[in-house]
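Participant: My structure is below; once you've seen it, I'll send some questions.
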Amino acid sequence: MLFSPASVCSAKLKTVTTGLLLLVLSASVHAGWQVEWIDRFEGGAVNWDNWTAQIQANYNNEVQCYTDDETSADKNFDVSNGTLKIIARKQSISCPGLGGAQKSWTSGRINSKDKREFLYGRIEAKIKFHNLEGGSWPAFWMLENRIAEHPKKNDDDFSHWPQPGAGEIDVWEWFSNEPNTYITNFFNTNGCASEVRYTYPNGSSDVLIWHKYAMEWDENSVLFYIDDTLVTSQDISNCAQYKEPMFILLNVAMGGNLGGSIDSSLQQVTMEVDYVAHCSPTAENTAQYCDESLPGDNNETPVTDNQTPVAVAIAPAELIYGGDTVQLSATNSSDADGDNLLYYWTQTAGPSVILSNEKSATPTFKAPEVTETKTLTFDLEVSDGIAANTVQLTIDINVLPETSNTNPEIDSVDDNSSGGSLGGLALLMMLLRVSNQRMARNDEIAIR
């Protein structure tokens, strides 16, 4: 959905032959899918624990103002009868999210950033669109979670589209001015993967009926589906991006560079979503979809609650002095679900140090020289892509004991006497004392 033609690395139309090979390889790994998270859009309002209304979004000269309105007569979000409706309406507005800029339409755009983020698996949504008139541009898509976009948690979300940490994958994008096809696509800085368009068998009218749009994603490939039809497979095994959590976006854009000319008779368009879900592979069933039809007792959906990781931060056991190289460790952190873990270290207090890699499980830094004991404080965030746990770790940096000979009696001994030996003995005793101090802390510092 975010486009900047000068910087986009995107080729056109790969064949499906490679995709079929990847599908065969993928199918041998697991039999079915296990639902990890699903929003069925039940009740009478958007579940804001899952979503944020992205009212500051403004791209591609589009004419809509995104709002968070789900209550007024002209609302842009409507949850009713078990579905979410994102409604774009033709109405002039001084857009609150854009500092009062004048827009001629209102619409809705929600994302799951910092609330529901996913690393690999199957991401699926059941969607239909209500209008065929020209000018609308609905989409179901993904962005890497370090993009500098609302909501900003300042948790290293400073990357700009489509740089690493801000890459894009489009699962379903439909232009009403090109109504017979929809787009799957990638945007990144590595030239990874390509655009593939799927042609609806019955033309534009197919968009008016329910379809399940999905992508199956692992570190080596992304496969796109409409219902049970494989659209394409894309090889990302050598891609530097798409190896970190991503979040979901649902929106309806109007006009602009890509939506094109809006039909003059058009007053309202609606994108309807039955559910959005994330699944992980399992050998326990042969489910083809990631939805409410997964097999289970009494036809219940086997949804499992994600468990928050346990963060454990460990500092070296020995005393630390200025100039020492210090290694932190998060390797004892764990996740009951067996999910891949992501680490992020932040220094929050004390003399500033430079971590070798703040996203490593075992970063290092050089202890600063101090004239008195100083305490450094670090926060460690451990995430499984859905939930995160943060712990604090403190480390004391000690003054390195003076090793020069300052005993005046020893200093005054004549070179021809045994004073040199005594001075050497005193120095040796001091060094032994320092060594014993360093060994004094036998237990690791572990904070859970």
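The values are calculated or read from the model by the stated rules, or taken from the named source; none is laboratory data. None of the values given here were measured: they were computed from a predicted structure. All Cβ positions, even for glycine, are placed from backbone atoms using ideal geometry, and neighbour counts span all protein chains on display.
Participant: Out of the residues in the range 184-206 that are touching a Pro at 6+ places or on another chain (Cβ under 7 Å) and surrounded by 23 or more Cβ atoms within 10 Å (Cβ to Cβ), state the one that is farthest from Met271 (Cα to Cα). Spell out the reasoning first.
Facilitator: Step one: list which residues in the range 184-206 are touching a Pro at 6+ places or on another chain (Cβ under 7 Å), which gives 187-189, 204.
With the extra rule that they be surrounded by 23 or more Cβ atoms within 10 Å (Cβ to Cβ), the set shrinks to 187-188.
On the way: Phe187: 24, Asn188: 27 Å.
Ranking the qualifying residues of the range 184-206, first place goes to Asn188.
Participant: Looking at this structure, is Trp161 buried (at least 22 other Cβ atoms within 10 Å of the Cβ), touching a residue at least 24 places away in the same chain (Cβ under 8 Å), over 19 Å from Val273 (Cα atoms) and not aliphatic (A, V, I, L, M)?
Facilitator: Numbers: buried (at least 22 other Cβ atoms within 10 Å of the Cβ): yes; touching a residue at least 24 places away in the same chain (Cβ under 8 Å): yes; over 19 Å from Val273 (Cα atoms): yes; not aliphatic (A, V, I, L, M): yes.
Spelling it out, Trp161 is indeed buried (at least 22 other Cβ atoms within 10 Å of the Cβ), touching a residue at least 24 places away in the same chain (Cβ under 8 Å), over 19 Å from Val273 (Cα atoms) and not aliphatic (A, V, I, L, M).
Participant: What strands (runs of 3 or more DSSP E), lying completely within the range 121-223, carry at least 1 residues that are of a type in the set (S, T, N, Q)? Break it down stepwise before answering.
Facilitator: On the way: elements: 121-129, 136-144, 168-173, 181-187, 194-199, 211-217.
Strands (runs of 3 or more DSSP E) meeting the threshold: 136-144, 181-187, 194-199.
For every residue, the table says whether it meets (1) within 30 Å of Ala287 (Cβ to Cβ); (2) hydroxyl-bearing (Ser, Thr, Tyr); (3) outside the structural domain of His150 (by TED's automatic domain parsing); (4) surrounded by fewer than 22 Cβ atoms within 10 Å (Cβ to Cβ).
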| residue | (1), (2), (3), (4) |
| --- | --- |
| Tyr182 | yes, yes, no, no |
| Asn220 | yes, no, no, yes |
| Phe224 | yes, no, no, no |
| Lys243 | yes, no, no, yes |
| Ser261 | no, yes, no, yes |
| Ser265 | no, yes, no, yes |
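Participant: Restricting the first residue to the range 106-129 and requiring it to be more than 28 Å from Ser94 (Cβ to Cβ), which pairs with a second residue that is among the basic types (Lys, Arg) meet a Cβ separation below 7 Å and a spacing of at least six or different chains?
Facilitator: Asp114/Lys153; Glu124/Lys212; Lys126/Lys212
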